[in-house]
Every structure is written in C-alpha cells, then in structure tokens.
Amino acid sequence: MTYAPRFALLLSIATTLTACSTVYYSGLEKIGIPKREVMVHRVEKARDTQEETKQQFKSALEQFTAVTNFKGGNLEATYSKLNDEYQASVKKAEEVDKRIADIEDVSSALFSEWETELGQYSNASLRQNSQQKLTATKAHYQQLIAAMRRAEAKIEPVLSVFRDQVLYLKHNLNAQAIASLKGQLGSVQSDVSVLVAAMEKSINEADAFIKTMEKQ
C-alpha cells in the first residue's frame, strides 16, 4: 500500500499552509492525513530518491569510464557529457539530504505527540501497549535513519573525485588529462560500488520500516 492518491491532495494544499511544521502537520490532520501517514509517505519518497541516486551514480561512472577510453573525436563534447552527469549527481545528492531531513522533521513531531498522548490514557494496559509500540517504532526508525545517513556519507567521496576530474578536464582537454582520469578509475569504481551497496541496504531498511508502520 502506498499513499500517493491521498498525497495528491496534500500537494494541492501545501502552498496554502505556513512553512511552520506544526501548523503544516495540523493542517494535514484536519483533512484526515495524520503524521504517521506523512512519515510513511516521506520514507517512500526518500527510498525512491535513493534508488534514483544509485542509478545516477552508476550512469556517472559509465560516462567517467567512457572518458578514460577516449580514442579520438570531440573531446569537448565528451567533457560536456561528463559534466552533465556530475551536475545531475550533485542534484541527486542534495535531494537525498532533503528527503532525509523531511523524515527527521515529521518523526520528531510524531514521536513528541505520541509521548504526550501516553499520559492521556486512563487504561494502564492500553498505555503500556502504546508505549511498547512507540519504543519499537523509535528503535526501527533510528535503524532506518542511521542506514540512510551512512549511505549519504558515501556520496561525497565520489562527488569529490568527479568534481576534481571534471574541473581538471575542463581546462586540460588533452591526452594528459585523459591519462589522469584513467589513473583514478579504479578508485572511483570502488567508491561507487561502496555507495551502491550502502544505498541498497538503506532502501531495504526503508521497505522494512514501511511494512512495519503499515501493520500497526
């Protein structure tokens, strides 16, 4: 189950709500979209963005490899393609950070509300059951966020190498520059492999978290 249909409504009213998170979530709840649902939706979006980011870095690596195998032709055009891949990778990196921050924002609001509402129970058994679910959800959430942040941390080392090589190639469109890129290829391939593995683990954590939340 996904919440895409309901969130079409969310997107349509988003511009009418204040930037303040408290008011924003309150506005959503008034139309029947609770924080839990927002959280699941944002985890889904972060998962999808990570999948897109994984594919983007694979594509960037392919172009990087193509440059190192350059045998002649329009080197400037080849550089342009590599730069496009680098710029697209930067945008995806920024999107990943925003998606994770969005999850952290709504989770803080959700857990704070949940904690407050525990004190409103008159039935001790129900309160204990809710407390146990809160504790379990928090633990699973921390595991998810840790996996997402670990995967995100693998992005910058790859971007750093891409950035250096794109800048160098920009001002040195010659065989020497190609040789320099070729010398970095093995390291870049290794870094991208580590990034992809971390992204896949994070994506799996997101899927598991979504299933858990939907069962509650």
Item to check | Complete set of residues in the range 154-181 that are within 21 Å of the chain's Cα centre (by Cα) and assigned to a helix (DSSP H, G or I) | outcome: I155, E156, P157, V158, L159, S160, V161, F162, R163
Item to check | Where a residue in the range 176-188 is touching a residue at least 24 places away in the same chain (Cβ under 8 Å) and its partner, wherever it lies, is among the polar types (S, T, N, Q) and part of a helix (DSSP H, G or I), with Cβ under 8 Å and at least six apart | outcome: I178/T68; L181/T68; L181/Q165; K182/T68; L185/T65; L185/T68
Checklist outcome for this item: Of those in the range 127-145 that are surrounded by 15 or more Cβ atoms within 10 Å (Cβ to Cβ) and of a type in the set (S, T, N, Q), the residue farthest from Q50 (Cα to Cα) is S130
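Conditions tested, residue by residue: (1) at positive phi; (2) in a helix (DSSP H, G or I); (3) surrounded by 13 or more Cβ atoms within 10 Å (Cβ to Cβ).
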residue: A88; (1), (2), (3): no, yes, yes
residue: D97; (1), (2), (3): no, yes, yes
residue: L110; (1), (2), (3): no, yes, yes
residue: S122; (1), (2), (3): no, no, no
residue: S125; (1), (2), (3): no, yes, no
residue: A147; (1), (2), (3): no, yes, yes
residue: E152; (1), (2), (3): no, yes, yes
Next on the checklist: Regarding the range 11-33, can at least one residue be identified that is within 27 Å of Q142 (Cβ to Cβ), touching a Lys or Arg at 6+ places or on another chain (Cβ under 8 Å), charged (D, E, K, R) and at pLDDT 95 or above?
Outcome noted: no
Next on the checklist: Any residue in the range 109-124 that is more than 11 Å from R36 (Cα to Cα) sitting within a Cβ distance under 8 Å of a residue that is small (G, A, S)? List the pairs, counting only those 6 or more apart or interchain.
Outcome noted: E117/S130; L118/S130; Y121/S130
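The values are calculated or read from the model by the stated rules, or taken from the named source; none is laboratory data. None of the values given here were measured: they were computed from a predicted structure. As a convention, Cβ positions derive from the backbone with ideal geometry for all residues, glycine included, and neighbour counts pool all protein chains shown.
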